[in-house]
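Reviewing the structure listed below.
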Amino acid sequence: MRVLLRRGIIACALVASFVAPVIALAPAGASASSTAVSLPTDEGPHPSSTMEWWYFTGHLTGTDLLGQKHQYGFELTFIRLNEGIEPLAVYDGQFAITDLTRGTFKSNMIAVSVQPDNVLPNGGFNNTVDGWNMQGIGGQNHISAAFLDGSYGINLSLDQSTPAALHGDGGLIDYAPFGQSYYYSETNLKASGTIIDHGMPVAVTGIAWQDHQWGDFAGTGGWTWFSMQLSNGTQYMLYFLTDGSGNIVNKVGTLVNPDGSTVNIPSSEMSDTPLGSWTSPTTGTTYPQNWAITVPGGQLTVNVLEANQELTVPLVNTGYWEGDSAVSGTINGASVTGQAYAEINPTTTLPVGL
């Protein structure tokens, strides 16, 4: 998330593309009128779909054993590929830590596992890729992952009591130029647990977001995607989806109210204007950074917290930008602040394969 995940191009030593969140066009100003997604049944893998992903991002603060304060952003994404080798599927793991205290970013996109889908009888999910794990049901989740060099590891509980947000029409979105997609999010997850920071355990709390998206995707395009969690208790998912030439062909947004109810944002009432850019020294890609955002009744500014938050594949000149960010502005005349993740995905072709 966004939402070519979501919130991306699948990139690993075997798969030289990436996938992230996508938001597609929904009926203007309307709430969901059907239930295309049924939870908790649809929280688990969908073996018949060509692609699927579970995508967590979040913002954490904590204090270590020496009293030092720390601030982090994190991403953990599992992407499932149906490669025609049933009953097996290919799972790709992507993990990143933005250490705002040190001013550093670290990622790994090359964790791959070929395994049967773990379809649970009562719904929910429990997926493992090379020792990394994510599991959950009904808004109660747990994730764990670590880099092999021991620099960072996470062990987090991520829970919310409000319903998941079903985007579009009951969880079904127009995913042009890639077709249709099933898509829901948990947008207000309360986070608690531990980060291991270069051998030092740091007890952390914060807020997180989960996207889950699946479907039979085919086409070429790209996107810019935002998740925003505001001080007034609301959350926004905004997606600007482009064709292979970089032209916007779809805009989708969802406002999530404090009680978890959702409203689809008219595409004509949402926009993003880049205020700057950053060029990757690794891939040479120039990404927009910092944005002026408009939503119904509001003007917001999203500022990235570290310029270099590009996830890349070693020895493969591809990647995407997924970054911890801050939000400020006004909604209905009242000042708001908040936390965000922004994703910029270069043009990619789906489905991808080995």
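For this structure, a couple of remarks:
- Paired Rg and Dmax values of segment 128-231, which use every Cα atom, in angstrom: 16.3, 46
- Nitroxide proxy distance, nm - points 7 Å out along Cα→Cβ at residue 48 and residue 248: 3.5
- Scattering curve values for segment 216-354, log₁₀ I(q)/I(0), Debye with Cα scatterers, q = 0.11 Å⁻¹: -0.43
- Proxy reagent accessibility, fewest Cβ within 10 Å first, across 252, 352, 336, 114: 114, 336, 352, 252
- For residue 89, nonlocal amide neighbours, meaning residues 5 or more places apart or on other chains whose placed amide H falls under 5 Å from its own, are 115, 117.
- In sequence order, calculated HN-Hα J values of segment 54-66 (Karplus, 6.51, -1.76, 1.60; Hz; x Gly/Pro): 10, 9, 10, 9, x, 10, 10, 9, x, 10, 7, 5, 9
- Near residue 103: Cβ cut-off under 13 Å, other residues only, Lys/Arg at +1 and Asp/Glu at -1. The net charge is -1.
- Ranked packing of 115-123, 297-305, 77-85, 219-227, most packed first, by mean Cβ within 10 Å: 219-227, 77-85, 297-305, 115-123
- You can think of it this way: the chain between residue 198 and residue 66 has 46.2 nm of extra reach, that is 0.36 nm per residue less the Cα-Cα gap.
- ³J(HN,Hα) computed for each position of segment 275-291 - Karplus, 6.51 cos²θ - 1.76 cosθ + 1.60, integer Hz, glycine/proline x: 10, x, 8, 9, 10, 6, x, 8, 9, x, 6, 9, 10, x, 9, 6, 9
- Listed residues 226, 298, 136: farthest to the positive end of the dipole of the chain (Cβ charges): 298
- The Kirkwood hydrodynamic radius of the chain, based on inverse pair distances between different Cα atoms, is 19.6 Å.
- Stokes-Einstein D in µm²/s, Kirkwood radius over Cα pairs - segment 34-97 at 37 °C with 0.692 mPa s viscosity: 225
- The magnitude of the dipole of segment 189-292, with charges of +1 and -1 set on the Cβ of Lys/Arg and Asp/Glu and taken from the Cα centre, is near 140 debye.
- For the chain, a crude dipole built from +1 on the beta carbon of Lys and Arg and -1 on the beta carbon of Asp and Glu, taken about the Cα centre, is about 500 debye to the nearest 20.
- Sorted by Cβ density within 10 Å, fewest first, the residues 109, 200: 200, 109
- Reach of residue 106 by Cα under 20 Å, taken over lysines that are not fewer than 8 positions away in the same chain: 69
- Overall, segment 207-354 carries a charge dipole of about 180 debye about its Cα centre when +1 sits on the Cβ of Lys and Arg and -1 on the Cβ of Asp and Glu, all other atoms neutral.
Coordinate-derived values only; no laboratory data. Everything quoted here is computed from the prediction, not taken from an experiment. As a convention, Cβ positions derive from the backbone with ideal geometry for all residues, glycine included, and neighbour counts pool all protein chains shown.
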